[in-house]
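Quick notes on the structure that follows.
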Amino acid sequence: MARRPPERAQLDVTALSKVLVSLLFLAALAAAVSQVLAGDFDTDSLLTNVASLYVTGTLAVGVFRGATDARRWQAAFFGGLAAFGLVQYLASGDRFHLLSMVAGGAMILGLLFDVFPE
């Protein structure tokens, strides 16, 4: 069985994650801009767009700065995830969003009680 040279077999995961995070943030930004341009200022959709911009923006900052291991970044991200889940749950009543809120809250509690060692 022939093996590929290591240079060709390796995938630059850092670059791939930066591209993915950029696309996520651009999608959230496009949704927010299209809502504003359409003049749709419904409270539920406005809160959804603000929360999604916060979560994807925080993720982008963490990935591009290499700060995803920092506790402050983790608290900001998981707090945003819990808030996003709460906003979505209040808007739709969907159980998936309730689960998202609980997961974000559990991660915050884990950080507070130092469950996850550095």
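Would you please list the contacts, defined by Cβ atoms under 6 Å and residues six or more apart or on different chains, that run from a residue in the range 88-105 that is closer than 19 Å to THR43 by Cα to a residue that is modelled with pLDDT under 90 and charged (D, E, K, R)?
Qualifying pairs under 6 Å: ALA91/ASP44.
So that you can scan it fast, the table gives a plain yes or no per residue for (1) of a type in the set (D, E, K, R); (2) within 20 Å of VAL19 (Cα to Cα); (3) at pLDDT below 90:
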site: VAL33; (1), (2), (3): no, no, no
site: ASP40; (1), (2), (3): yes, no, yes
site: ARG65; (1), (2), (3): yes, yes, no
site: GLY80; (1), (2), (3): no, no, no
site: ALA91; (1), (2), (3): no, no, yes
site: VAL102; (1), (2), (3): no, no, no
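Filter the range 46-63 for residues that are β-branched (Val, Ile, Thr), closer than 20 Å to VAL19 by Cα and touching a residue at least 24 places away in the same chain (Cβ under 8 Å); which is surrounded by the fewest Cβ atoms within 10 Å (Cβ to Cβ)? Before you say what the answer is, go through the steps one by one.
Step one: filter the range 46-63 for residues β-branched (Val, Ile, Thr), giving 48, 50, 55-56, 58, 61, 63.
Now drop any that are not closer than 20 Å to VAL19 by Cα, which leaves 55-56, 58, 61, 63.
Keeping just the survivors that are touching a residue at least 24 places away in the same chain (Cβ under 8 Å) gives 55-56, 63.
Numbers: VAL55: 24, THR56: 21, VAL63: 19.
Only one residue fits best here, namely VAL63.
Sort out which residues of the range 26-68 are aromatic (Phe, Trp, Tyr) and under 20 Å from MET101 (Cα atoms), and write them in order of number. Write out each step before concluding.
Going through the range 26-68, the residues aromatic (Phe, Trp, Tyr) turn out to be 41, 54, 64.
Residue satisfying the conditions is TYR54 alone.
Kindly provide the set of residues from the range 36-54 that are of a type outside the set (Val, Ile, Thr) and within 19 Å of LEU24 (Cα to Cα), ordered by number. Outline the logic, then answer.
Start the filter on the range 36-54 by keeping residues that are of a type outside the set (Val, Ile, Thr), which leaves 37-42, 44-47, 49, 51-54.
Residues satisfying the conditions are SER45, LEU46, LEU47, ASN49, ALA51, SER52, LEU53, TYR54.
The values are calculated or read from the model by the stated rules, or taken from the named source; none is laboratory data. As the structure is a prediction and not an experimental result, all values here were calculated from the model. Using ideal geometry, Cβ is built from the backbone for each residue, glycine included, and neighbour counts are taken over all protein chains shown.
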